[in-house]
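Remarks on the structure that follows.
The values are calculated or read from the model by the stated rules, or taken from the named source; none is laboratory data. As the structure is a prediction and not an experimental result, all values here were calculated from the model. A quick note on method: Cβ atoms are made from the backbone with ideal geometry, for glycine too, and the neighbour counts reach across all protein chains shown.
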Amino acid sequence: VGVVLLFGHTSSVPRQILYCIFVICCADLLVLCDLSLLVHFQISKQWIFGETICKMFYCVEVLNKFLIPLALVHISRASYKSVSMQDNLKDRPRACMITANILAAATVLMLMVFVGYFSNTNSYWVREKPMTVCNFNPPPYYGKIYG
């Protein structure tokens with residue numbers, strides 16, 4: 001859907017909205033792959049995909065929770081702007097919007113790095129056999145203050 005909207009030249013929808021739709025479609029495909037890993041873990045009760053995939057699993061969760069809502073806010077803002085403003089106001093500098101987009105993208109990237117750094121695989125003994133899990137272990141609140 002996103003590719004058709006993005007590369008179709010007959011659409012009257014603004015390009016920035018089409019880019020956001022494309023980003024949402026790609027993020028949804030990543031979340032779908034992420035869910036297949038989660039379903040496998042829930043069925044087998046064992047994380048067999050390794051630590052790198054574990055880090056990617058939690059990074060996709062960050063995308064799901066932060067990037068998609070930001071794209072939806074951007075779509076609603078662009079839709080409102082395209083309907084409500086007159087033509088002479090559309091040519092104003094877009095420095096504030098560009099700055100907000102850069103800050104939002106930087107925040108999501110920083111969260112992904114943070115989550116990727118603190119996620120790992122651990123093995124626990126459950127009922128006389130090892131169980132490997134993928135988990136996210138951020139530092140405790142007091143450890144961040146005094147550490």
(request) Pick out the one residue from Asp91, Asp34 that is closer than 27 Å to Leu18 by Cβ and modelled with pLDDT of 90 or more. (result) Asp34
(request) Output the qualifying pairs, or none if there are none: Cβ atoms under 8 angstrom, residues six or more apart or on different chains, first residue in region 12-31 and free of Cβ contacts under 8 Å to residues at least 40 places away in the same chain, second residue hydroxyl-bearing (Ser, Thr, Tyr). (result) Leu18/Ser11
(request) Report, by residue number, each residue of region 123-137 that is exposed (fewer than 14 other Cβ atoms within 10 Å of the Cβ) and hydroxyl-bearing (Ser, Thr, Tyr). (result) Ser123, Tyr124
(message) Can you tell me which condition Ala78 does not meet? The list is (1) surrounded by 15 or more Cβ atoms within 10 Å (Cβ to Cβ); (2) modelled with pLDDT of 85 or more, and all the others hold.
(response) (2)
(message) Contact list please: Cβ distance under 6 Å, first residue in region 94-106 and among the small types (Gly, Ala, Ser), second residue assigned to a helix (DSSP H, G or I) and modelled with pLDDT of 75 or more, pairs at least six apart or on different chains.
(response) Ala104/Leu70
(message) For the condition under 19 Å from Gly116 (Cα atoms), over 22 Å from the mean Cα position of the chain (by Cα) and among the β-branched types (Val, Ile, Thr), what is the one hit in Ile68, Ile53, Ile48, Ile43?
(response) Ile48
(message) For region 129-147, give me each residue that is modelled with pLDDT of 80 or more and either more than 24 Å from the chain's Cα centre (by Cα) or assigned to a strand (DSSP E or B) (or both).
(response) Lys129, Pro130, Met131, Thr132, Val133, Cys134, Asn135, Phe136
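What tally of residues in region 32-52 results from selecting those that are in contact (Cβ under 8 Å) with a residue 24 or more places away in the chain and either surrounded by 14 or more Cβ atoms within 10 Å (Cβ to Cβ) or not hydrophobic (A, V, I, L, M, F, W, C) (or both)? Full working, then the answer.
Initially, region 32-52 is screened for residues in contact (Cβ under 8 Å) with a residue 24 or more places away in the chain, giving 33-34, 41, 45-51.
Then drop every residue that is not either surrounded by 14 or more Cβ atoms within 10 Å (Cβ to Cβ) or not hydrophobic (A, V, I, L, M, F, W, C) (or both), which leaves 34, 41, 45-47, 49-51.
The number of residues fulfilling the criteria is 8.
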